[in-house]
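Below: the structure, in structure tokens.
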Amino acid sequence: MRGMGAVVCIGDGIVDQVNSGTTSRRFPGGAALNLAVALRRLGVPSALLADMGWDADGQWVRSFLGAEGVRVLPHPTVSFTGVAVSDRVHGEPTYSFSRFRNRRRIRFGPGALHAIRDAAAVAVNSYALWDDGQAESLREALSGAGGLRVVDPNPRAGYLGERDSYVRNFEGVARLSHLVKLSTEDVQALYGGDVDDVVRRLVTLGVNTIFLTRGVDGASVYSATGVSAHVEAAKLDGDVVDTMGAGDASLAALIARILSHGLPLDSPGWADYLRYAMLAAGITCRHLGGATAAPMARDLADFGAPA
């Protein structure tokens, strides 16, 4: 790996509108944005490539990213910034999306391709994989990446398109990836089958490592070398307020660990990384919001996590 260099995050940069009871709040959001901010808060330089508009929402999101120290890669667009509306029941979100959210398209210009080529890692998180042209552009961009390549499809009901096409495009990108992150909900949405079967399928495609989050049941990792590990969810004081961004925070923590310490070679090593990732997710769940709830490195250190 290239050490603690920048991570380029590719995918969503939107506004999350959270409705809970009679209250409604808005947060800078989107899975790729959440990931970029979570990485930066853990001390990893990050950049975001997303189709954010130049409207008031887009300017607000850019201002937030600037304050967080996340570089926004130049991207020509005439779109409005997408909005994801989610209703909360016991912290779990149910989503609906503005038409602009579903129309987003990412163009890989010279500046973006240069950043991807030189990045310590490139992490794709919630990308328009239902669009064959977008998937092909992403494959071409990833083929030039020299660092760690990570893909989290992060599918959501309502914008999967035709499932077989989405899965085909996801797998085409997964073939180029070192690490694929999925949740058990993702496995059900994309394959509707057994987790072990999906893991074997991805390993056969050439994926080196699969990171699987299991909600309240913790997380697992599976390696093409046959090494695997599982840990329980972090047990923290306080109620779960909101699960938005928890998966992104866990992925950020795992990427940060890999870049700083390398890929583990055995199950105990992976279990240590997973506990760090679950701690990041657990802290995130104790606060409302996604990116705004992501923990700092010092927050994890307060729970005894090693630097």
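List of remarks:
- Residues within the stretch 242-268 that are of a type outside the set (D, E, K, R), closer than 19 Å to Val207 by Cβ and in a helix (DSSP H, G or I), tallied: 8
- Reported count of residues in the stretch 145-203, each being open to solvent by 20 Å² or more (accessible area, probe 1.4 Å), of a type outside the set (Gly, Ala, Ser) and part of a loop (DSSP other than H, G, I, E, B), is 8.
- Residue in the stretch 222-236 that is within 20 Å of Leu33 (Cα to Cα) and outside any helix (DSSP H, G or I) present: no
- Note on the stretch 29-55: residues that are under 17 Å from Gly247 (Cα atoms) and touching a Ser or Thr at 6+ places or on another chain (Cβ under 7 Å) total 6.
- Of the strands (runs of 3 or more DSSP E) entirely within the stretch 82-142, those holding at least 3 residues that are modelled with pLDDT under 95 occupy 83-89, 92-97.
- Within the stretch 204-220, the set of residues being open to solvent by 20 Å² or more (accessible area, probe 1.4 Å) and among the β-branched types (Val, Ile, Thr) comprises Thr204, Val216.
- Checking Asp57 against (1) out of contact with any Phe, Trp or Tyr (no Cβ under 9 Å at 6 or more places or on another chain); (2) open to solvent by 20 Å² or more (accessible area, probe 1.4 Å), the condition it does not meet: (1)
Yes/no per residue for (1) open to solvent by 50 Å² or more (accessible area, probe 1.4 Å); (2) out of contact with any helix residue (DSSP H, G or I) (no Cβ under 7 Å at 6 or more places or on another chain):
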{"site": "Ala229", "(1), (2)": "no, no"}
{"site": "Lys235", "(1), (2)": "yes, yes"}
{"site": "Gly238", "(1), (2)": "yes, yes"}
{"site": "Val241", "(1), (2)": "yes, no"}
{"site": "Gly245", "(1), (2)": "no, no"}
{"site": "Ser250", "(1), (2)": "no, no"}
{"site": "Ile255", "(1), (2)": "no, no"}
{"site": "His261", "(1), (2)": "yes, yes"}
{"site": "Pro264", "(1), (2)": "no, no"}
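- Within the stretch 204-221, the set of residues being at negative phi and part of a loop (DSSP other than H, G, I, E, B) comprises Val207, Asn208, Arg214.
- Unmet requirement for Gly289, which otherwise passes all of (1) closer than 17 Å to Leu39 by Cβ; (2) open to solvent by 50 Å² or more (accessible area, probe 1.4 Å): (2)
- A count restricted to the stretch 107-144 and to residues that are open to solvent by 10 Å² or more (accessible area, probe 1.4 Å) and either within 11 Å of Gly11 (Cβ to Cβ) or in contact (Cβ under 8 Å) with a residue 24 or more places away in the chain (or both) stands at 17.
- Whichever residue in the stretch 7-28 is at pLDDT 90 or above and aliphatic (A, V, I, L, M) and, among such residues, is surrounded by the most Cβ atoms within 10 Å (Cβ to Cβ): Ile14
- Arg275 vs. criteria within 13 Å of Val231 (Cβ to Cβ), in contact (Cβ under 8 Å) with a residue 40 or more places away in the chain, open to solvent by 20 Å² or more (accessible area, probe 1.4 Å) and of a type outside the set (S, T, N, Q): yes
- The residue pairs whose first member lies in the stretch 63-77 and is surrounded by 12 or more Cβ atoms within 10 Å (Cβ to Cβ), whose second member is of a type in the set (Phe, Trp, Tyr) and not in a loop (DSSP other than H, G, I, E, B), and whose beta carbons are closer than 9 Å, counting only pairs six or more residues apart or on different chains, are Phe64/Phe27; Val70/Phe64.
The values are calculated or read from the model by the stated rules, or taken from the named source; none is laboratory data. Everything numeric in this text was worked out from a predicted model, so none of it was measured. All Cβ positions, glycine included, derive from the backbone under ideal geometry; neighbour counts span all protein chains shown. Surface areas here come from the heavy atoms of the whole protein model, side chains and all, with no ligands, DNA or RNA. Shrake-Rupley method; radii C 1.70, N 1.55, O 1.52, S 1.80 Å.
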